[in-house]
Amino acid sequence: MIIAIPSETPGGLDASVADHFGHCAAFTMVDLQETGVVSVSVIPNTGHAQGGCMAPVVMLQQAGADAMISGGMGMRPLAGFQQVGIR
């Protein structure tokens with residue numbers, strides 16, 4: 001399972017969790033398996049410029065995210081995550 005976590009710069013496991021997923025600096029992608037953390041990677045946030053609130057949703061879907069941990073999110077991106085199967 002790959003979990004996306006909106007993170008402050010520079011991202012990674014030591015970075016602070018961003019308050020709002022769409023305005024974060026990066027997404028820390030944590031691949032969890034039964035044995036624990038398999039890998040951690042950081043993807044820069046593309047922001048809202050191209051595709052509005054759905055741009056991060058599409059980017060995270062393409063990156064293989066299965067779930068998102070977020071402190072804040074609007075209804076449109078929440079519905080987008082539900083639509084593409086990201087919990």
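The values are calculated or read from the model by the stated rules, or taken from the named source; none is laboratory data. Since we're looking at a predicted model, the values are computed, not measured. Neighbour counts run over all protein chains shown; Cβ positions are idealised from the backbone, glycine included. Quick note on the areas: whole protein, heavy atoms, side chains included, nothing else; ligands and nucleic acids left out. Shrake-Rupley method; radii C 1.70, N 1.55, O 1.52, S 1.80 Å.
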(request) Largest first and in whole Å, give the semi-axes of segment 1-57's equivalent ellipsoid, each being the square root of 5 times a Cα gyration tensor eigenvalue. (result) 22, 12, 8
(message) Give me, ordered by chain and number, the residues 5 or more places off Phe27 or on other chains with an amide H under 5 Å from its own placed amide H.
(response) Ser7, Ile43, Asn45
(request) Would you be so kind as to identify which of Ile69, Gly47, Leu32 lies farthest towards the positive end of the dipole of the chain, taking Lys and Arg as +1 and Asp and Glu as -1 on Cβ and the Cα centre as origin? (result) Gly47
(message) Over segment 21-87, what portion of Cα pair distances is larger than 13 Å, expressed as a whole percent?
(response) 64
(request) Kindly express, to the nearest 10 degrees and within the range 0 to 90, the angle between helix 75-84's C-alpha long axis and the longest C-alpha principal axis of the chain. (result) 60
(message) Check which residues have an amide H placed less than 5 Å from Met68's amide H, if you skip close sequence neighbours.
(response) Ala4, Arg87
(message) Let me spell out the model: positive unit charges on the Cβ of Lys and Arg, negative unit charges on the Cβ of Asp and Glu, origin at the Cα centre of the chain. What dipole size does that give, in debye rounded to 20?
(response) 300
(request) Using a 1.4 Å probe and ignoring any ligands, DNA or RNA, find the accessible area of Ile86 and quote it in Å² to the nearest 10. (result) 10
(request) Tell me what the chain gives for mean residue ellipticity at 222 nm when only DSSP H runs of n ≥ 4 count, each as -39,500 (n - 2.57), the sum divided by the residue total, rounded to 500 deg cm²/dmol. (result) -6500 deg cm²/dmol
